[in-house]
Amino acid sequence: MSELRNLPSVEQLLQTKLAAEMISANGRPLVLEAIRHVLDEVRGRILGGSETTVPEREALLESVSVVLDEWMTPTLLPVINATGVILHTNLGRAPLSKATLQAMEAVSRGYSTLEFDLSNGKRGSRLVHAEAVLKRLTGAEAAVVVNNNASAVLLVLSALASRRKVVIARSQLVEIGGGFRIPDVMKQSGAKLLEVGTTNKVRLSDYVETFDEKPALVMRAHRSNFKIIGFTEEPEFKDIVSAAHQAGVPVVDDLGSGTLLDTTRFGLAHEPTLQESLAAGADVVCFSGDKLLGGPQAGIIVGRKALLDRIKKHPLARAVRADKTCLAGITATLTHYLKDEAEREIPTWQMIATTPQQNRSRVKVWIERLGQGEALKGESTVGGGSLPGETLPTTLLALDVKSPDKFLKRLREQKPPVIARTENNRILLDPRTVLPEQEGALLVALQNVLRKS
Ligand SMILES: *Cc1c(COP(=O)(O)O)cnc(C)c1O
């Protein structure tokens, strides 16, 4: 193949001005690799006969630049969530408050008191930071923050029930999502499942009958992503707790999302609160940091000191411990609740509290700026394994476009990408989950895509 003789060498391409620019932006080793990659591809195409002539140097360097872009663009990117699903697990769940972000940055930028006691200059414990706020907020005797709620459940069961029995209602043997199944987690912890009741009905006597078998725990797991309706029965949680306590069996409550604020105030169904669970007598309660709490990813465990001490000492506690950014962020988010300003400062609650009228005014402005679209009544959802089936009334921007799927794809290709949905061949965008500071970028993205469609 004599044409291959026209292929420039790696060295020749490296000597060019364009390559120098790419090197200053990406470093020499990567540019070298990208040039080799492009030259190999061209060689392959010529040998394979799909190309007959070597492209110009300019074109080769352009290909190198495209390859570099592809390699260097991170796959984890900020997006604009116009779906109206507030705690969208696939889109990263809770957006964080300003104070939370500041606290996370402050401890990451330099050194911190993560495991250092300022009063005596000696080694301290990372467990104390969030614990103080959690104790004050919930009145619980002790608390610990771990990597996420899945690890919290695994840790609690491993520490308190390994090789022993855990009583749980059949209706609570749920799969939360992403393959997280309560029965599998129990097996992984070494606990033995003692199922009581049927799929739709469980009575107090079903629990009581198992107490002869000396179970280590009674567990309740929040169903999170579905409802059981119709011919159903479940005892009140406080009655389960008092029966268990009479038999000397502690009770663990996996609240899933859990909430510190009453969701009925926002026209939503009742989501079990942490305060209620503790008031009912639960000995250990765990829940997520990034669901309704509205903080960074974390699993929070609160409860009786004697049990929490065993949990903190278990070897898994080290494996699933929270890092300094998480501890700083969770503490800052919890502080909003302590200061009674959660609804005002935490984006998750701001979004939940937004009225349809406020959303309507935003949509009206969008329509004006875009010169098209229609304001449409719709529903937003909370998501994140909380409040299954519950919706919040909203106003949507509806756009009629030729090819909705292609339009959605183009929106995803914008910088930042915009995530929307379609219904009845229309594009729907919900302002509820679009942060105010993203509004300009959203309108630019929409204008870009509308112009080309
Ligand atoms: C969401 C959820 C979990 C898992 O929590 P992560 O923080 O996502 O790990 C566990 N249990 C229940 C009941 C849940 O709803």
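Bear in mind that the values in this text are calculations on the coordinates, not laboratory data. Note that the structure is a prediction, hence the values are computed from the model and not measured. As a convention, Cβ positions derive from the backbone with ideal geometry for all residues, glycine included, and neighbour counts pool all protein chains shown.
A few comments on the model shown:
- Anisotropy class of the stretch 129-286 from Cα gyration tensor, a/c 1.5 cut: rounded
- Amide H to amide H distances under 5 Å link GLU379 with THR394, where only residues 5 or more positions off or on other chains count and H is placed in the peptide plane.
- Computed extension length for ARG451-GLU62: 137.4 nm, one decimal, from 0.36 nm per residue of separation with the Cα-Cα distance subtracted.
- Fewest neighbouring Cβ atoms within 10 Å first, the residues CYS286, CYS326 line up as CYS326, CYS286.
- For the stretch 134-216, the dipole from Cβ point charges (+1 on Lys and Arg, -1 on Asp and Glu) about the Cα centre works out to 140 debye, to the nearest 20.
- Multiplying the residue separation of GLU3 and LEU443 by 0.36 nm and removing their Cα-Cα distance gives an extension gain of 153.5 nm.
- Ratio of the Cα radius of gyration of the stretch 261-338 to 2.2 N^0.38 Å, where N counts its residues: 1.21
- Rounded to the nearest 20 debye, the dipole magnitude of the stretch 51-146 is 940 debye, with +1 charges on Lys and Arg beta carbons, -1 on Asp and Glu beta carbons, and the Cα centre as origin.
- Take the Cα of ASN424, step 7 Å toward its Cβ, do the same at SER205, and the gap between the two points is 5.2 nm.
- Within the chain, percent of DSSP bridges classed antiparallel, to nearest 5: 60
- Simple point charges give the picture: +1 on the Cβ of Lys and Arg, -1 on the Cβ of Asp and Glu, and for the chain a dipole about the Cα centre of about 480 debye.
- Dipole of the stretch 249-399, positive end: most advanced residue of GLY299, GLN350, LEU387 [Cβ charges, Cα centre]: GLY299
- When each of TRP71, TRP349 is scored by the number of other beta-carbon atoms lying within 10 Å, the sequence from fewest to most is TRP71, TRP349.
- Shown in residue order for the stretch 328-339 are the 3J(HN,Hα) couplings computed by the Karplus curve 6.51 cos²θ - 1.76 cosθ + 1.60 at θ = phi - 60°: 5, x, 4, 4, 5, 5, 4, 4, 4, 5, 4, 8 Hz (x for Gly and Pro).
- The stretch 376-385 - phi-based ³J(HN,Hα) in whole Hz, Karplus 6.51/-1.76/1.60, Gly and Pro as x: 10, 5, x, 10, 9, 10, 7, x, x, x
- With contacts taken as Cα pairs under 8 Å at a separation of at least 6 residues, the chain carries a relative contact order of 19 percent.
- Distance histogram for the stretch 2-72 (every C-alpha pair counted, 5 angstrom bins, percent rounded to whole numbers): 3, 17, 31, 23, 14, 7, 3, 0
- Computed from backbone phi with θ = phi - 60° and the Karplus coefficients 6.51, -1.76 and 1.60, the 3J(HN,Hα) list for the stretch 404-413 is x, 5, 5, 4, 4, 5, 4, 5, 6, 8 Hz; x is used for glycine and proline.
- Ellipticity at 222 nm from helices only: DSSP H runs of n ≥ 4 in the chain, each -39500 (n - 2.57), divided by the residue count, give -13000 deg cm²/dmol.
- Here LYS406 is the anchor, and the aspartates and glutamates within straight C-alpha reach of less than 18 Å, apart from those fewer than 8 places off in the same chain, are GLU423.
- Within the stretch 47-68, backbone nitrogen closer than 20 Å to the virtual label 7 Å beyond the Cα of LYS415 toward Cβ: 61-68
- Close amide H contacts of LYS192 (hydrogens built in the peptide plane, cut-off under 5 Å, sequence separation of 5 or more or a different chain): ARG163, ARG164, LYS165, VAL166.
- Exposure proxy ranking, count of Cβ atoms within 10 Å, fewest first, for ASP40, ASP323: ASP40, ASP323
- Estimated distance in nm for a label pair at LYS238 and PHE116, the labels positioned 7 Å out from Cα along Cα-to-Cβ: 4.7
- Taking all Cα-Cα distances within the chain, those exceeding 36 Å account for 45%.
- Close amide-amide hydrogen proximity is noted between GLY289 and ASN149, ALA298, GLY299, ILE300, each under 5 Å apart and 5 or more residues distant or on a separate chain (H modeled in the peptide plane; Pro and chain starts excluded).
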